[in-house]
Amino acid sequence: MNGWIALSRKLLDWQWHDEPKMVALWVHILLRACHETTKYRGITTQRGQLATTYRFLAATVGLSHK
């Protein structure tokens with residue numbers, strides 16, 4: 001993957017900004033979201049979409065999937 005993302009300073013106004021794992025999850029989702037239409041395992045994802053599961057996201061940042 002190439003490219004970059006911009007983070008708004010308004011992130012500091014987000015109610016979860018002081019929870020490191022939640023911020024890590026949010027940044028992970030932003031970085032993994034498609035930047036162009038693509039196909040993954042038969043699923044077409046558009047720009048800005050992400051094909052994933054709760055369990056994968058939780059495991060990625062060390063959260064419970066519950």
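The table for this structure:
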{"item": "Number of positions in the range 39-66 that are among the polar types (S, T, N, Q), surrounded by 12 or more Cβ atoms within 10 Å (Cβ to Cβ) and at pLDDT below 90", "result": "2"}
{"item": "Subset tally (residues that are β-branched (Val, Ile, Thr) and in a helix (DSSP H, G or I)) for the range 1-54", "result": "3"}
{"item": "Residue ID - nearest to Tyr54 (Cα to Cα), chosen from residues in the range 1-19 that are surrounded by 11 or more Cβ atoms within 10 Å (Cβ to Cβ) and not hydrophobic (A, V, I, L, M, F, W, C)", "result": "Glu19"}
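The values are calculated or read from the model by the stated rules, or taken from the named source; none is laboratory data. For clarity, every value in this text was computed on a predicted model and none was experimentally measured. Ideal geometry is used to build each Cβ from the backbone, glycine not excepted, and the neighbour counts take in all protein chains shown.
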